[in-house]
Every structure is written in structure tokens, then in C-alpha cells.
Amino acid sequence: MMKKVKPEGFFFIKGLQKAYHWLLNFSQHTQRNLVILISGFSVTLLGLLLVILAEFFFGQSIKQEILALIGVALIVIGLTAAAIGYFCLSVLGLVRYILYKPNKSKPTSTPQPPPSKKDSP
């Protein structure tokens, strides 16, 4: 006999739940996501530079085609990395904020009264 599993929202499949928690954890590291975004942009520019160099500095040869192919591959890798970084910064940040709103409970420490003015004239 199989046990009945109670579904919890859309995450009744264990793999989806793990992926969901991994994405939320990934979205919390803003500095890392910004580094991914900027490095993806840099790799894209490097690929674009290789394509331009292949076009203008090499004649019709196999070197030109290989260099252009490497440049196009770098453009695709850079755009993918930049898209992942941007997605994690914007969309996952909004999802995390919507799902986990900050607590507006009472403060953890009690406020201290202002010092008394015993020495004042």
C-alpha cells in the first residue's frame, strides 16, 4: 500500500520544492548576483571585440572564421550569465520580498530612558 502524500500548494513534488528553496537562497546573495551580471556583460563585450577583430584584421581565411566562432560563443555565454544575474537580482528579489515580508513585531531591546539632568542649574 502506498501512503497518501498531502500536497502543499504547487510544491508537492520534492524536486520542485528543492529547486524553489535553492532559487530563494540564490537570490539572497545580492553581491554575488551583481558580480555574475557584470562578468557576463564583460564576457559579452570580449566576444564582441573578438568578432570585430576577426572581421577587420584577418582576411578571408580559416583563422577569421575560428576567431569569429569563438567570439560568438563568448557572446552567448556572456549573455546567458548576464541574464541569470539580472534574473536573480530583479525577479527573485521581488519574489523573496513578496513571500517573506519583514516582521513588524516589537523591537528586541527595550528603549532606554533619557539620562536625567541632575547637574543642570
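Bear in mind that the values in this text are calculations on the coordinates, not laboratory data. In this text the structure is predicted, and so the values were computed from the model without any measurement. FYI the Cβ positions are ideal-geometry reconstructions off the backbone, even for glycines, and counts take in every protein chain you see.
For the reader, a short list of remarks on this structure follows.
- Label-to-label distance, nm, for residues given as residue 48 and residue 97 (7 Å Cα→Cβ offset): 2.9
- Computed on region 34-104, the Cα convex hull volume stands at 61 Å³ per residue.
- Spin-label model distance (nm) - residue 79 vs residue 18, 7 Å beyond Cα toward Cβ: 3.2
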